[in-house]
Structure formats: structure tokens, C-alpha cells
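The values are calculated or read from the model by the stated rules, or taken from the named source; none is laboratory data. These figures come from a predicted structure and were not determined experimentally. No Cβ is skipped: glycine too gets one built from the backbone with ideal geometry, and neighbour counts run over all protein chains shown. To get the accessible areas, we keep the full protein, side chains included, count just its heavy atoms, and leave off ligands, DNA and RNA. Shrake-Rupley method; radii C 1.70, N 1.55, O 1.52, S 1.80 Å.
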Amino acid sequence: MKIYWFISWLTTLAILVVAQPLFGQDIVPDSDVELRLSQLEAEIQMLRDQVNTPSASTVPAQEAGWVVNADNMLVPCVDCAPADKKKFPTVQLTGFFHLDSVWFGQSGNNLATVGDLQDGWDFRRARLAGKGNLAEDWSYIMEFDFAASQATFVDVWVTYSNAPLLQNIRIGRWRQPYGMDELTSVRELPFLERSSSFSMAPFRQTGIGFFGNNDAETVTWASSVFRYPSDGFGDNAGDDGGYAGAGRITALPFYACEGEQLIHIGADYYYANPSLNSVRFASQPEIQVVDTAPNPDISVPPFVDTGNVPVDYVDSFNVELAAKYGRLVMQSEARWTTLNQRGAGPTQTIEGAYAQVRYSLTGESPQYNKKNAVFGRVVPYRDFNPYCGYWGAWELAARYSFVDFNGDWLSANTPPSPGPGRQMNDATLGLNWYVNEHTKFQFNYINSRLNDPTLGVSSADIYAMRCQIDF
């Protein structure tokens, strides 16, 4: 009978095993429950480890900082950096040159007033620079000009471009935030030189400042503090004064057709307490040749010159107005600089202004740089290729400018200046040929009329050509 009970028990167990998938239940002996729970806990821990550990199928090994070893397992990589990490510093070589040729024609009174101006050829500028990034958000440039008798500093600065509120912070030597003409690159000027009121701007100085713009890039702002004045190497010395500050704000009240139609307005200001409490402003007739030569007789002397004026401080205001309508571009500025003389000298104001217009004969026009609030370069639709009938881009330009140094200057100004009280008016016509994006030729005719309070009115006719390449 026992064997029948044993066979019956085996048959019942077999039926339960076969029926298990149908009922979806595991038949586990009570004695195996603890073992099964341990297995489940191990499986749960394994799943947790897989979630917290990068896998080769979901994360590239090098990018995640892991590598696959000989056992096909992911292990930390101590010798490899993420694949997309940039390498710093970066370096890019850039440069350009201006080769000028200039001819003068003078009236008899102009010869008597400023001397005999000599025709000449010269490299007005010959610059090389290295620029790039030092790290994320850190950029730099080191630019030098070799056109003078020795290399001089141009732009030498470092910029941090992710500062809270201030956006961009710059320290070094650069063009201070004053004047639309001054902040336009010399590579992209429609004339050979900036206007005659350029001498009243602080231009390149050594200091620290910040700049930025709103999200729509319709408003820009900039401010700086710097030592004043600095020499061609960015140096300034003197414990009696020597500090200055400048600021600029611009806006685009109208901007349409991706910048083909716009109106630009701006305002600028700078204050300076110059080193040794002395300052000098002087302007040439918008042309230079052999600017720093051993023989001063073959350089262009200033037509207007304050001489060295003893001052407590100077401050200057400037307003900007520009507009673009397709191929037609107009731009103007006016500025007033006050010289607060020391001692018994009266406070004097010198002033200057210009208005210019440019028109593309071939349809191209300079693009407006919204972040810097200046006009950029002209890029030809087709590069010059006479075999295909392509002639590059051609542009006409005209400008009228004046500076007025009329005032009661101290006779003690040293050295005695030949230019106090003079007024100069320049009318310039220009023709620009953009052979390609990096090569252009320019021709300027300048009629400069000089009014001297003692010698009267005189005039000079200036003809100048330039070859420019940049990279």
C-alpha cells in the first residue's frame, strides 16, 4: 500500500509542475523561500549598479571618462580626456598693411603758413598680431605695428566674456569707448584716415573696462578707466594726475530688412586729468606720410595745434548719428572738448565735426556690426576677374569735416604752438575698389582750407592712393 501512496504523491507533484505555467504560480518549497529572497535582493542590487554605472551601449567610453578593459568591462580612464574638450590656448595669426602714395599742391599762403609739404611713399601701417582663446570665455590679442622706426604696441589685451551683469571685462591697451569713427577698424574705413576731429579722442590707452549689449543687440554700452596719456608702448608715468575715464552708449531706434535699413544714434564722454597736468591736441589735414621719420621736413605737420597746455583736467562730449538705406550709408559726429587751464588761464573749448556719405556703385554695402555699433567691411559679390567680366565692388565716398581751435591761449604754452586759434575745413572725395574681401585700393582727393588768425586763409590740395591687404 505504501508504494501506491508514493506513486500517487509523485503523480500529483508532476501534475502541479506541468500546470504551473497555466496558473502563473511558482511552486517553491517553504524551505527555499529564504534562498529565493536572497536571489531577488542580489538581482535588485545588480540593477541599481547598472543604472548608476555608465554602459558602453549608452555613453561613449572616452566621452564619459571610461574605457573597456580586456574583460569587456567599463573601468575609469585616468589617461584620457573627454573627446570634445577643447585644447587651449589657441593662436591665430592676423595682419595687414597700408602702402600709401601722396602728392601735395599748395597755395602761396599755405606754403608760408605750414611750410613746403613733401610728396612721398610710405607704409602707413604694417601690423602683425596673434589672437585666440586662453580658456572658455577668455580671449586675447597681441598686435604690433612695424611701420614706424621701431615696433609699437597697437592692441594688447585680455578679455573675459562671461561676467555677471558686465558681460565683457577687458584689461590692457585698446581703443577706448569714445567715437564711432574711432571704433571703426582702419581696415574698414571708407577714407584713408579718420576725420580731423580724431585728435580730440583719447583713442588707445592702457586700462580696464567693460562692454556689452542687450539681448536684441539694439543697445550697446561700454565704460573704462585708464592711464592718460600713454605712449606707443602703452606706458604712462607721473604721480601728478594721469587718470581718465570714458563711456559710450548707442541705440538702434530703427532696424529693418536685416540691417539694410537702420538708424544709429550714440553719445560718448571722457574725462582726463593728464599726467604732469599738461595736454596737447593737434590735427593734420586727414593724411599722413612718413609719420615718424628722422627728417621732420618730409612728414606732414599739424595744420592746427594747441601746443602744450597746462590744465587741471579736460572733458569731452561726442554725439553720433548714422543711417543706412540699402547701398547708401551716412554717418556724422560732433564733439566738444573743454580745457580747464591751470592758474590764470581761461577755460577754453575746442570743437570738431564731420559728415560723410558713401554709395556703392555695384550694389554691395558695409554690414552693420550690432555688437560694436559700427559699420564693417564691404565684401564684393564677385571677386575681380577680368576674364569673366567681374570687377569686384566699387564705392564712392564724400566727407566734410572741420576743427576749430579758436581761443585765447596762454603765450606761455611750451613749445609755442603755430596753430592756436586756427580753423581747418577739409572736403574729401574718395573712390574705393574692393578687389576681393581681403584686398582693396583707395583714392582720396582732399581740399584743406586753413584759417590762421594772423596769416589769413590758405589751401592745400592733396592726392593720395592706398593699397591694402589683410588676412
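Key figures
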{"item": "Within segment 312-348, considering residues that are among the β-branched types (Val, Ile, Thr) and at pLDDT 95 or above, the one farthest from PRO177 (Cα to Cα)", "result": "VAL329"}
{"item": "Filter pass, TYR390 being within 30 Å of GLY212 (Cα to Cα) and either modelled with pLDDT of 95 or more or of a type in the set (Val, Ile, Thr) (or both)", "result": "no"}
{"item": "Filter pass, ASP137 being at pLDDT 95 or above and either open to solvent by 40 Å² or more (accessible area, probe 1.4 Å) or over 15 Å from the mean Cα position of the chain (by Cα) (or both)", "result": "yes"}
{"item": "Which listed residue is modelled with pLDDT of 90 or more, over 26 Å from the mean Cα position of the chain (by Cα), open to solvent by 10 Å² or more (accessible area, probe 1.4 Å) and within 25 Å of SER459 (Cβ to Cβ), from PRO302, PRO285", "result": "PRO302"}
{"item": "Residues being in contact with an Asp or Glu (Cβ under 8 Å, 6 or more places away or on another chain) and open to solvent by 50 Å² or more (accessible area, probe 1.4 Å) - total across segment 305-327", "result": "5"}
{"item": "Residue within segment 135-143 that is over 29 Å from GLU437 (Cα atoms), out of contact with any Ser or Thr (no Cβ under 8 Å at 6 or more places or on another chain) and of a type in the set (Gly, Ala, Ser) present", "result": "yes"}
{"item": "Some residue of segment 157-178 being in contact (Cβ under 8 Å) with a residue 40 or more places away in the chain, more than 16 Å from the chain's Cα centre (by Cα) and assigned to a strand (DSSP E or B)", "result": "yes"}
{"item": "Residue count, segment 186-212 (criterion: closer than 16 Å to VAL374 by Cβ, open to solvent by 10 Å² or more (accessible area, probe 1.4 Å) and without any contact (Cβ under 8 Å) to a residue 40 or more places away in the chain)", "result": "1"}
{"item": "Residue in segment 260-267 that is out of contact with any Phe, Trp or Tyr (no Cβ under 8 Å at 6 or more places or on another chain) and either within 22 Å of GLY376 (Cβ to Cβ) or surrounded by 22 or more Cβ atoms within 10 Å (Cβ to Cβ) (or both) present", "result": "yes"}
{"item": "Enumeration of residues in segment 218-240 that are modelled with pLDDT under 95, under 21 Å from the mean Cα position of the chain (by Cα) and among the hydrophobic types (A, V, I, L, M, F, W, C)", "result": "PHE233"}
{"item": "When residues of segment 328-387 are limited to those that are in a strand (DSSP E or B), under 23 Å from the mean Cα position of the chain (by Cα) and of a type in the set (S, T, N, Q), the one surrounded by the fewest Cβ atoms within 10 Å (Cβ to Cβ)", "result": "ASN369"}
{"item": "Cβ pairs under 7 Å, 6+ apart, first in segment 223-252 and in contact (Cβ under 8 Å) with a residue 40 or more places away in the chain and within 20 Å of GLN167 (Cα to Cα), second in a loop (DSSP other than H, G, I, E, B) and aromatic (Phe, Trp, Tyr)", "result": "ALA246/TYR178; ARG248/TYR178"}
